[in-house]
Amino acid sequence: MSSIFEVRAQTGERVHAFGARRTRQEAEALLEESRQRVAAAGGHNDRYWIDEIDTSGMFEIPSRPTPRERFHARVTLLPKLPQRSQTVRVEVVEGERTVGAYDRNYRMLQTFEPFRQGERHLALVAPDYTATSIMDLSTGEIIGGEEPQPHGFCPVGFYVPDWWDVHDGSVLPGSMHWSPDRVLWPLGDFGFVWGCIWGDDSS
């Protein structure tokens with residue numbers, strides 16, 4: 001069984017919560033802090049207590065670090081050939097471990113965005129500057145993407161919102177203020193790309 005511990009208080013018929021914590025010890029500290037804060041403000045509650053709430057089977061907040069905190073791209077300039085765009089070598093790194101690598105046929109810009117879908121870690125990348133591709137961060141392999149279009153849309157940057165981009169983790173599943181309709185999103189099932197049509201980077 002998994003549980004959380006929520007600090008609650010009651011005044012008359014009204015019950016409200018000061019927040020939930022993962023352990024009883026953390027909840028006890030929050031209870032004391034809440035009691036002191038209410039007293040310092042000249043308020044009062046009839047009683048305070050800690051509710052243990054069974055959260056088995058409920059939504060689990062995604063872990064930290066986020067993919068963006070966990071993975072990064074290490075970029076090395078490759079020798080520039082005459083009449084050609086600058087090319088780069090891109091190494092995808094997790095800590096000190098190189099996950100995968102590829103050569104990109106243009107400058108790097110902002111074309112590396114790691115994200116997760118459930119337990120799976122992926123990244124939007126662009127080895128070819130006219131196409132978006134997807135890398136599996138467990139293997140470093142490109143597993144899909146667009147076909148390059150010599151005069152097509154050139155991605156300049158990617159963004160896939162992570163759960164932690166829009167939530168701070170202060171509201172736990174099962175607590176009084178938990179709202180499944182509001183806090184399950186986003187799940188890594190959509191993202192954004194920006195850029196321009198080839199040759200139109202000045203407008």
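The values are calculated or read from the model by the stated rules, or taken from the named source; none is laboratory data. Note that the coordinates shown come from a computational prediction; the quantities given were computed from them, not determined experimentally. Cβ coordinates were reconstructed from backbone atoms using ideal geometry, including for glycine residues, and neighbour counts include every protein chain displayed. Heavy atoms of the whole protein, side chains included, go into the accessibility calculation; ligands, DNA and RNA do not. Shrake-Rupley method; radii C 1.70, N 1.55, O 1.52, S 1.80 Å.
Answer with yes or no whether residue 64 is in a loop (DSSP other than H, G, I, E, B), closer than 23 Å to residue 138 by Cβ and touching a residue at least 24 places away in the same chain (Cβ under 8 Å). Criteria met by residue 64. Filter the range 144-163 down to residues that are surrounded by 11 or more Cβ atoms within 10 Å (Cβ to Cβ) and of a type in the set (Asp, Glu) and give me whichever is farthest from the chain's Cα centre (by Cα). By that ranking, first place goes to 146. Looking at residue 166, is it out of contact with any strand residue (DSSP E or B) (no Cβ under 7 Å at 6 or more places or on another chain) and open to solvent by 60 Å² or more (accessible area, probe 1.4 Å)? So residue 166 fits the description; yes.
Among the residues making up the range 70-97, those that are within 19 Å of residue 139 (Cβ to Cβ), surrounded by 12 or more Cβ atoms within 10 Å (Cβ to Cβ) and not charged (D, E, K, R) are 71, 72, 73, 90, 92, 93.
Pull up the range 46-61, narrow it to residues that are assigned to a loop (DSSP other than H, G, I, E, B) and in contact with a strand residue (DSSP E or B) (Cβ under 7 Å, 6 or more places away or on another chain), then point me to the one that is surrounded by the fewest Cβ atoms within 10 Å (Cβ to Cβ).
The extreme case among them is 46.
On the stretch given as the range 98-111, residues that are closer than 25 Å to residue 197 by Cβ, open to solvent by 60 Å² or more (accessible area, probe 1.4 Å) and part of a strand (DSSP E or B) total 2. The single residue among 137, 172 that is under 24 Å from residue 110 (Cβ atoms) and aliphatic (A, V, I, L, M) turns out to be 137. Checked against (1) open to solvent by 70 Å² or more (accessible area, probe 1.4 Å); (2) over 30 Å from residue 101 (Cα atoms), residue 16 passes all but a single condition, namely (1). Picking from residues in the range 112-127 that are in a loop (DSSP other than H, G, I, E, B) and modelled with pLDDT of 95 or more, the one that is surrounded by the fewest Cβ atoms within 10 Å (Cβ to Cβ) is 127.
Would you pick out the residues in the range 171-195 that are part of a loop (DSSP other than H, G, I, E, B), closer than 27 Å to residue 72 by Cβ and open to solvent by 60 Å² or more (accessible area, probe 1.4 Å)? Lay out the reasoning, then the answer.
At the first step, the residues of the range 171-195 found to be part of a loop (DSSP other than H, G, I, E, B) are 171-179, 184-191.
If we keep only those that are closer than 27 Å to residue 72 by Cβ as well, we get 185-191.
If the condition is that a residue be part of a loop (DSSP other than H, G, I, E, B), closer than 27 Å to residue 72 by Cβ and open to solvent by 60 Å² or more (accessible area, probe 1.4 Å), then 185, 187, 189, 190 are the ones that fit.
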